[in-house]
Amino acid sequence: DWYKIQAFFAGESQKRCYHGDWVYDFVKVEPENFNWGLDFSECGIYKLYKAQGVTELMPFLCVQDFILSRHQGTGLARTGTIAGGADRCDFRYKKGREIYR
(Lines give C-alpha, C1' and ligand atoms only; values in the text may rest on other atoms or scores of the structure.)
Protein backbone atom coordinates (compact mmCIF):
# COMPACT_ATOMS: atom_id res chain seq x y z
CA ASP A 1 0.00 0.00 0.00
CA TRP A 2 2.85 2.40 0.83
CA TYR A 3 4.27 2.02 -2.68
CA LYS A 4 0.85 2.74 -4.21
CA ILE A 5 0.53 5.90 -2.13
CA GLN A 6 4.00 7.10 -3.17
CA ALA A 7 3.24 6.41 -6.84
CA PHE A 8 -0.07 8.29 -6.52
CA PHE A 9 1.52 11.42 -5.05
CA ALA A 10 4.33 11.32 -7.60
CA GLY A 11 1.67 11.30 -10.31
CA GLU A 12 -0.11 14.21 -8.65
CA SER A 13 3.13 16.21 -8.63
CA GLN A 14 3.28 15.85 -12.43
CA LYS A 15 0.17 18.04 -12.68
CA ARG A 16 2.27 21.02 -11.52
CA CYS A 17 -0.62 22.62 -9.65
CA TYR A 18 1.68 24.89 -7.66
CA HIS A 19 4.49 26.88 -9.25
CA GLY A 20 6.94 26.48 -6.38
CA ASP A 21 6.30 22.80 -5.68
CA TRP A 22 8.32 19.63 -6.27
CA VAL A 23 7.82 17.44 -9.33
CA TYR A 24 8.99 13.86 -9.08
CA ASP A 25 8.63 10.27 -10.19
CA PHE A 26 8.40 7.22 -7.98
CA VAL A 27 10.95 4.71 -9.26
CA LYS A 28 10.09 1.01 -9.40
CA VAL A 29 11.87 -1.16 -6.88
CA GLU A 30 14.99 -3.00 -7.97
CA PRO A 31 15.40 -5.43 -5.02
CA GLU A 32 19.10 -6.05 -5.61
CA ASN A 33 19.85 -2.30 -5.79
CA PHE A 34 17.23 -0.41 -3.79
CA ASN A 35 13.92 -0.73 -1.92
CA TRP A 36 12.44 2.51 -3.27
CA GLY A 37 13.50 5.50 -5.29
CA LEU A 38 12.48 9.01 -6.21
CA ASP A 39 13.60 11.17 -9.11
CA PHE A 40 12.95 14.87 -8.59
CA SER A 41 12.92 16.87 -11.81
CA GLU A 42 11.92 20.06 -9.97
CA CYS A 43 12.84 21.01 -6.41
CA GLY A 44 10.62 23.38 -4.46
CA ILE A 45 13.47 24.43 -2.17
CA TYR A 46 15.79 25.13 -5.10
CA LYS A 47 13.06 27.27 -6.72
CA LEU A 48 12.69 29.29 -3.51
CA TYR A 49 16.44 29.74 -3.05
CA LYS A 50 16.86 30.70 -6.71
CA ALA A 51 14.11 33.34 -6.41
CA GLN A 52 15.94 34.75 -3.39
CA GLY A 53 19.33 34.65 -5.13
CA VAL A 54 20.90 32.28 -2.62
CA THR A 55 21.40 29.01 -4.53
CA GLU A 56 24.96 28.83 -3.18
CA LEU A 57 23.39 27.68 0.10
CA MET A 58 21.78 24.61 -1.50
CA PRO A 59 24.71 22.19 -0.98
CA PHE A 60 24.40 22.73 2.76
CA LEU A 61 20.74 21.78 2.56
CA CYS A 62 21.14 18.81 0.20
CA VAL A 63 23.78 17.15 2.38
CA GLN A 64 21.21 16.87 5.16
CA ASP A 65 19.48 14.11 3.16
CA PHE A 66 22.49 11.87 3.87
CA ILE A 67 22.60 12.79 7.54
CA LEU A 68 18.92 11.95 7.93
CA SER A 69 19.30 8.70 6.01
CA ARG A 70 22.24 7.64 8.17
CA HIS A 71 20.18 8.17 11.33
CA GLN A 72 17.16 6.37 9.88
CA GLY A 73 19.19 3.49 8.46
CA THR A 74 17.61 3.94 5.03
CA GLY A 75 20.83 3.70 2.98
CA LEU A 76 20.49 6.68 0.64
CA ALA A 77 22.47 6.64 -2.58
CA ARG A 78 22.39 9.69 -4.86
CA THR A 79 24.41 10.49 -7.96
CA GLY A 80 23.29 14.05 -8.59
CA THR A 81 21.21 17.03 -7.55
CA ILE A 82 19.53 19.85 -9.41
CA ALA A 83 21.46 22.27 -7.20
CA GLY A 84 24.68 20.60 -8.31
CA GLY A 85 23.82 20.98 -12.00
CA ALA A 86 22.21 17.59 -12.66
CA ASP A 87 18.89 17.35 -14.47
CA ARG A 88 17.37 15.64 -11.44
CA CYS A 89 17.90 14.70 -7.82
CA ASP A 90 17.94 10.92 -7.70
CA PHE A 91 17.24 9.21 -4.40
CA ARG A 92 17.70 5.45 -4.02
CA TYR A 93 17.08 3.89 -0.65
CA LYS A 94 18.03 0.41 0.55
CA LYS A 95 17.35 -0.28 4.20
CA GLY A 96 20.48 -1.17 6.14
CA ARG A 97 22.91 -0.18 3.39
CA GLU A 98 25.63 2.37 4.05
CA ILE A 99 24.89 5.73 2.46
CA TYR A 100 26.96 6.80 -0.53
CA ARG A 101 27.20 9.85 -2.75
Exercise. Do you know which residues across region 16-34 are open to solvent by 70 Å² or more (accessible area, probe 1.4 Å), outside any loop (DSSP other than H, G, I, E, B) and at pLDDT 95 or above?
Worked result: Asp25
Exercise. Is it the case that some residue within region 53-66 is under 21 Å from Tyr3 (Cα atoms) and not basic (Lys, Arg)?
Worked result: yes
Problem set entry | Those residues of region 59-92 which are out of contact with any helix residue (DSSP H, G or I) (no Cβ under 6 Å at 6 or more places or on another chain), surrounded by 14 or more Cβ atoms within 10 Å (Cβ to Cβ) and outside any strand (DSSP E or B), in sequence order | Leu61, Cys62, Asp65, Phe66, Ser69, Thr74, Gly75, Arg78, Arg88
Problem set entry | Flag for Ser41 being within 22 Å of Phe9 (Cα to Cα), open to solvent by 30 Å² or more (accessible area, probe 1.4 Å) and small (Gly, Ala, Ser) | yes
Problem set entry | Residue pairs meeting the criteria (Cβ under 8 Å; at least 6 apart or on separate chains; first closer than 22 Å to Lys50 by Cα and touching a residue at least 24 places away in the same chain (Cβ under 8 Å), in region 62-87; second crowded, with 17+ Cβ neighbours inside 10 Å and of a type in the set (S, T, N, Q)) | Cys62/Thr81
Problem set entry | Condition met for Lys50 (open to solvent by 80 Å² or more (accessible area, probe 1.4 Å), among the charged types (D, E, K, R), at pLDDT 95 or above and assigned to a loop (DSSP other than H, G, I, E, B)) | no
Problem set entry | The one condition in (1) under 16 Å from Ile99 (Cβ atoms); (2) touching a residue at least 40 places away in the same chain (Cβ under 8 Å) that Asp39 fails to fulfil | (1)
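The values are calculated or read from the model by the stated rules, or taken from the named source; none is laboratory data. Since this is a predicted model, take the numbers as computed values, not measurements. With ideal geometry, Cβ positions are generated from the backbone for all residues, glycine too; neighbour counts draw on all protein chains shown. With ligands, DNA and RNA removed, areas are computed over all heavy atoms of the protein, side chains included. Shrake-Rupley method; radii C 1.70, N 1.55, O 1.52, S 1.80 Å.
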